[in-house]
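Please read through the structure below; I'll follow up with questions.
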Amino acid sequence: MSVEVSQEKEPRVSEELIKQNTNSSIETHDSKVLEKSFGIRKQELMMDQLDTVFLKAFHFFGIFIGMYVSLVESRVSGIFSSYAASDFRQHSLMSTIRLIQLVIAAASLPVYARLSDNFGRFELFSFSLGLRVVGLIVMSQANSIDKYAGANVLYGAGFAGARILFQISASDASTLRYRVLAIAVVTLPVIITTWSSGEIIDSLLKRHGWSFGIALFAFTTPLACIPFLSSFIYMKWKVRNLPEWKQICQEERNSQVELRAFADAYRAHVELGGSRVLGKISHIWKASTFKAVKMFWQVDIMACFFICAIFGLILVPLTLAGGAQTSWQQASTIVPLVLGFCLIPLFVVWELKWAKIPLIPFPLLRDRGVWAGFAIGIWNVFASGVPGAYAYPVLMVGMNASEVVATRTPQLGSFVSSIVLPILGLVIIKVKRTKGFILFGVCVLFISMGLFLHYRGDNDGLRGKYFRDGLAIAFAIDGFGAGFFMRPVGVSIQACTNHEYMATVTALFASIYNIGAACADCVSGAIWTQRMYPTIVSKMKELDVDTDLAALAFESPYKYIEEHSWGSLPRRAVVLAYADLQRQLCIVGLCLLVPLVAFAFLLRDHKLDSVQSLEDIEDVERGEVAAKRQKGTVIYTNDDDPVFRLCRRIVGRERKTMEKAEE
């Protein structure tokens, strides 16, 4: 992998380390001057020690190995959860527990990002790794569904934190120009896990069982993370004696004036003959209270609480409602949704009025380059998730696919996307722009959705192989298009802000995908739940099939296909019903793709230079020395978008043509 490194032999110091504050480039009254965290300054100094090709390659190798084992672990634990729930005879409850795990994982991502900015990537990654190990051990030894479910939630929070920190660390260690290629390292393991995870799961189940299989990763995962952790340990060892590191640590201590005052008060108390024990207790209490209050404002604990509550109250009922009409009328669905949406304005008021160091600076969110990217994050998963739902039963029941084919075919999208992304990263190194590729990816999605509409909606119940092969091609093209815009959109958002908020916007972008997934589950569930049974009955009547079979076909489709072979009239009736419903789902998905084009046009198209963030370029343009820089920029709007310039040129030509025609 090509990376940019310095040829200097001495430890390098980032140009950003001198900077103390950041502010918004938008000159508005609500643009606050924001103190740069000591954690970010330390992180920049540590990353500057990766000053050879070998060190950077080793760092990314650690990310690759850690992500590979993490993905295998996730798939193994996900499959084994079903076997565990079956042993506990609580399979229906397990689906709810998994949903809560996913919501907690999604809500925890911004929290991990903010905490890692303040306390360090290494520290937070170690914490998340500890959560995963504890969760895996308890899951493997659980003897009831309650213990297993609690451990599963703990494991989900740890896994989500480790995964987002892998991505943030890849971004930390790369410049904007190489950012897409660096993030591709996080997705490359999918190429292997798509084909290897099935064999691993099968081998563990046959030889040992689900309990041993889960416990195995409590040892394997920390072992696989040793290269990644070793890279951080090396960086910490290398910077420990640097004067710049000592300066940052001294500034951090000096910023805690109250702690020194508490220590002086304790010494004065002892010198005046006071009790050492009481004085020490008082000193510890005051110091602990001060640190807790400071951390409350510095980390913005209330914002973290708001995010967790909003995600939980909105995503859980949206997904559990399943689209069934009776479920939407229940208080258990309506009340959490209302509370969740009511918390959003309270969250905004907190961040604008009361938060001293906002978790989310709203001048940043008001910029089209950021909110358009977040909208793409929601809308992309929404559009692709609606027709993508029920892929397994569609292949098994509607296309006569084997279990292996039905499992692997939907994974072709992520497989192809993981191949496309590193190639695209190499191209972006030369082009230094992302918007054109993002628009191209959105256009490819229209093609894949059209193929989905044909191969899933025109099934005749006879040519199973034809429609299976076509659906596989559609998934591959869908992954090809997604590779051009999913990760590049994230990089485009990162380019709109500085290093201080890079981790936060990355985590928010990853979290916001879950909103789109929940909406997709609701829409697809509504159509499937309310329309499938009457459609099956209708198709059975058309083919003169006994409609009493419709109940079994709807409630137990896998048992139904065991009794009715491919090509028989009862089977064809169900296949035609599936095709009719899939046609409706694909049309909905096709319509949902339209806003994606508008959002993609609204993205900014910053030139991705060889800098960590665009604020590094400003010093060169102004002719300033980095040491004199006291403020940085939170949001960048000077992108000089080539796509917009081309559109203006085309519109301008049309206007001139119309004016000449009128004359």
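Give the residue, chosen from Val370, Val349, that is assigned to a helix (DSSP H, G or I) and surrounded by fewer than 19 Cβ atoms within 10 Å (Cβ to Cβ).
Of Val370, Val349, the one residue that is assigned to a helix (DSSP H, G or I) and surrounded by fewer than 19 Cβ atoms within 10 Å (Cβ to Cβ) is Val349.
Suppose we filter Ser24, Ser37 for residues that are farther than 30 Å from Asn241 by Cβ and either at pLDDT 90 or above or more than 22 Å from the chain's Cα centre (by Cα) (or both); which single one remains?
Answer to the selection: Ser24.
All but one of (1) closer than 19 Å to Glu123 by Cα; (2) free of Cβ contacts under 8 Å to residues at least 40 places away in the same chain hold for Phe228; which doesn't?
Unmet condition: (2).
In the set Ile137, Ile183, Ile164, which member is surrounded by fewer than 21 Cβ atoms within 10 Å (Cβ to Cβ), modelled with pLDDT of 85 or more and assigned to a helix (DSSP H, G or I)?
Going through Ile137, Ile183, Ile164 in turn, just one is surrounded by fewer than 21 Cβ atoms within 10 Å (Cβ to Cβ), modelled with pLDDT of 85 or more and assigned to a helix (DSSP H, G or I): Ile137.
Name the residue, out of Ala292, Ala309, that is aliphatic (A, V, I, L, M) and more than 26 Å from the chain's Cα centre (by Cα).
Ala292
Next up: Quick check on the range 239-290: of everything there that is of a type in the set (Ser, Thr, Tyr) and under 26 Å from Arg41 (Cα atoms), which residue is surrounded by the fewest Cβ atoms within 10 Å (Cβ to Cβ)?
Ser288
I'd like the full set of residues that are crowded, with 24+ Cβ neighbours inside 10 Å and farther than 16 Å from Gly481 by Cβ, limited to the range 387-400.
Once the filter is applied, which keeps residues that are crowded, with 24+ Cβ neighbours inside 10 Å and farther than 16 Å from Gly481 by Cβ, the range 387-400 yields Val394, Leu395, Gly398, Met399.
If Ser231 satisfies all but one of (1) polar (S, T, N, Q); (2) modelled with pLDDT of 85 or more; (3) out of contact with any Phe, Trp or Tyr (no Cβ under 7 Å at 6 or more places or on another chain), what's the number of the condition it fails?
So the condition that Ser231 fails would be (3).
Is it the case, given these coordinates, that Ile214 is under 24 Å from Leu115 (Cα atoms) and touching a helix residue (DSSP H, G or I) at 6+ places or on another chain (Cβ under 9 Å)?
No, not satisfied.
The values are calculated or read from the model by the stated rules, or taken from the named source; none is laboratory data. Everything quoted here is computed from the prediction, not taken from an experiment. Cβ sites come from the backbone with ideal geometry, for glycine too, and all protein chains shown count toward neighbours.
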